[in-house]
Amino acid sequence: MPKTPTKRQSVKSKQKKPPATGTRAVPYITEAEFEKLLAGARMGRHAARDVAILRLMFEHGLRASELLAAKRSQLKLQEARLQVKRLKGSRSTEHPVSGSTLRAVRAYLRSRTDALPWLFVTERGAPFTRQGLHYLVGAIAVRAGLHAIHPHMLRHGCGYALANRGRDTRLIQDYLG
């Protein structure tokens, strides 16, 4: 007859392994890696769109779903402001848009001939999907010679960049929603 495990044996089997050494606890992209990523985006077929996507995601710490749900009406070009509609229960805010990001978005919008409400669309005129955005960022990273990068790493990179510039932790929390 097989033995049933004692209470001590069952507790030991449920203990978790320690994390692997030499890995980042939270993956993020550094500002230097972001510059390389932008260079990779400029080499692509849809350079204006790709650069605008990357700049908005990194500068404003946008989640993929927040970027994909963004409408043209949320971007106020005259005031250089972006109305960020946060998801996952976070507070929506309005962010100032830097000059380089504003120029990138304007260049992209000039290249569009449609009147669709979404801020970013595919070459077929449809809104991006999460999988499409994930593929796009990964392909740009490969073109730039970087390790595997996914869209959420840009959000984490935004937080780290703000922290490296000496911003207060509470301010960063509020900025990222």
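Read the figures in this text as sums done on the coordinates, not as results from a lab. Since we're looking at a predicted model, the values are computed, not measured. Note that we place each Cβ from the backbone using ideal geometry, even for glycine, and neighbour counts take in every protein chain shown.
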Margin query: Could you check the spin-label model distance between ALA69 and ARG124? Points 7 Å from the Cα along Cα→Cβ, value in nm.
Written below: 2.4
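Calculate the FRET efficiency for LYS76 and ALA139 from the Cβ-Cβ distance with a Förster distance of 35 Å, rounded to the nearest 0.05.
The calculated FRET efficiency here is 0.70.
Given C-alpha coordinates of the chain, what is the ratio Rg to Rh with the Kirkwood estimate of Rh?
Details: Rg = 20.4 Å, Rh = 18.1 Å.
Rounded to two decimals, Rg/Rh equals 1.13.
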Notebook entry, point to check: Helix 151-164 versus the longest principal axis of the chain: what angle, 0 to 90°, nearest 10, using Cα atoms?
Noted result: 90
Check: How far is it, in nm, from the label point at GLU35 to the one at ASP174 when both lie 7 Å from their Cα along the line to the Cβ?
Finding: 3.1
Check: Hey, what do the phi angles of the range 94-109 turn into as Karplus ³J(HN,Hα) couplings, whole Hz, using 6.51/-1.76/1.60 and θ = phi - 60°, x for Gly and Pro?
Finding: 10, 10, x, 9, 5, x, 5, 5, 4, 5, 5, 5, 4, 4, 5, 5
Note to self: If I model a spin label as a point 7 Å beyond the Cα along the Cα-Cβ vector, how far apart are those points for SER111 and HIS46 in nm?
What the structure shows: 0.9
